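*Asks:* My questions will all concern the structure given below.
The values are calculated or read from the model by the stated rules, or taken from the named source; none is laboratory data. Everything numeric in this text was worked out from a predicted model, so none of it was measured.
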Amino acid sequence: MNRKPDTALMLVVLLSLLTVAPHAQAYLDPSTGSMILSAIIGVFATLALAIKTWWYKLKSLFRGGKEQKPAEQRDGSKPTSGDEGARRG
C-alpha cells in the first residue's frame, strides 16, 4: 500500500522551513560586490562564446560542412610571409 506524498503538504513544509532561517552574522566588504559582478559577466561571456561556436558548427552542418577559404587563398596559392609584410606596410 504505497501512497504518493501529498505535494501540497510537501510545499507547505518546504516553505515553512525556508522562512525559519537563523540570523547570520556575516560581513561582505565593498569589493565582494564587484567580484560577484565580474564573475556574472564572465559567465555570460563564456555562454555567449559557447553559443556562437555551436551556432557556427550547426550552420556548417546544414551547409554541407565546407569551410569558406579567405579571398586571397581561393585560387589555391598560399600567401608567403613577404607578401603579408608588403600588404601591412
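*Asks:* Please go through region 29-46 and pick out each residue that is among the small types (Gly, Ala, Ser) and either part of a loop (DSSP other than H, G, I, E, B) or at pLDDT below 95 (or both). Walk me through how you get there before you give the answer.
*Replies:* Taking region 29-46 first, the residues among the small types (Gly, Ala, Ser) are 31, 33-34, 38-39, 42, 45.
Ser31, Gly33, Ser34 - these are the residues of region 29-46 that are among the small types (Gly, Ala, Ser) and either part of a loop (DSSP other than H, G, I, E, B) or at pLDDT below 95 (or both).
*Asks:* Identify all residues within region 1-17 that are among the aliphatic types (A, V, I, L, M) and at pLDDT below 85; write none if there are none.
*Replies:* First pass over region 1-17, keeping only residues among the aliphatic types (A, V, I, L, M): 1, 8-15, 17.
Scanning region 1-17 gives Met1, Ala8.
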